[in-house]
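Take a look at the structure set out below.
Values quoted throughout were computed directly from the atomic coordinates according to the rules given, and no laboratory measurement underlies them. Just so it is clear, the structure is predicted and the values come from calculations on it, not from any experiment. Note: ideal-geometry Cβ built from the backbone for every residue, glycine included; neighbour counts use all protein chains shown.
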Ligand SMILES: [Zn+2]
């Protein structure tokens, strides 16, 4: 679910707390944004295809990481973390459930679109569906560093993500119509993000 992707995206920036602490908070926000970004194709295009690139994001992310290492600065580091987070999101959707209205039911064949091969990758279902209990466990695990090591906006957002993830998990099977549309939880998180970033 989106909170897991956001938390994993922020986690990408955690090593910067030691490598370049002054860049870490902004990079964590860029990572969270990159972790959420692919799911904007719920609004436009084909979900898990139009903005999901389990292959091509890496072609941008790897040179972006190299550039950030050579020329570390707010923009290069944020771009690198954003792209790595978007790439991780795309791959992790393949490891999760199907892109179906009721992804917990068997039979869904669309995990994520593999653009280089021009075909859908079948879902691996390591996490059975978005909002499954194991998905909540991942949100919690990935959020611990943001809550424990970061302060300010990053910590507030991580706590906000946890506050959204719990009711989403509890209600997930009762709201199958959320799948394929923009979940209310995402809209709330986006509004919260905008408010916090504008401070
Ligand atoms: Zn996705």
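Expressed per residue, the C-alpha convex hull volume of the range 84-149 stands at 86 Å³. Taking one quarter of the surface of the C-alpha convex hull of the range 1-105 gives a mean projected area of 6.5 nm². Entry note, the chain: relative contact order of 22 percent, from Cα contacts under 8 Å with a spacing of 6+ residues.
Quick one: if the Förster radius is 45 Å, what FRET efficiency do residue 105 and residue 17 give, using the C-beta to C-beta distance and rounding to 0.05?
According to the calculation, E is roughly 0.60.
Note on residue 75 and residue 126: the extension gain reaches 14.9 nm, defined as 0.36 nm multiplied by sequence separation minus the Cα-Cα distance.
Length gained on full extension, residue 91 to residue 141, computed as 0.36 nm times the residue gap minus the Cα-Cα distance: 16.2 nm. Grab every C-alpha pair in the range 39-78, bin the distances at 5 angstrom width from 0 up to the longest one, and report whole percents. Once binned at 5 Å, the Cα pair distances of the range 39-78 give 6, 24, 16, 15, 16, 14, 8, 1. Counting 0.36 nm for each residue step from residue 66 to residue 170 and taking away their Cα separation leaves a gain of 33.3 nm.
What distance in nm lies between label points placed 7 Å from Cα along the C-beta direction at residue 116 and residue 41? If labels sit at residue 116 and residue 41, their model points lie 1.6 nm apart. Of all the options 93, 39, 55, the one that moves most in a Gaussian network model of the chain with Cα springs shorter than 10 angstrom is 55. Semi-axes of the equivalent ellipsoid of the chain are 27, 20, 13 Å, computed as sqrt(5λ) over the eigenvalues of the C-alpha gyration tensor in descending order. For the chain, a Gaussian network of Cα nodes joined below 10 Å ranks 61, 116, 26 by mean-square fluctuation, and the top entry is 116.
The GNM of the chain, with springs linking C-alpha atoms under 10 angstrom apart, assigns the highest mean-square fluctuation among 154, 71, 112 to 71.
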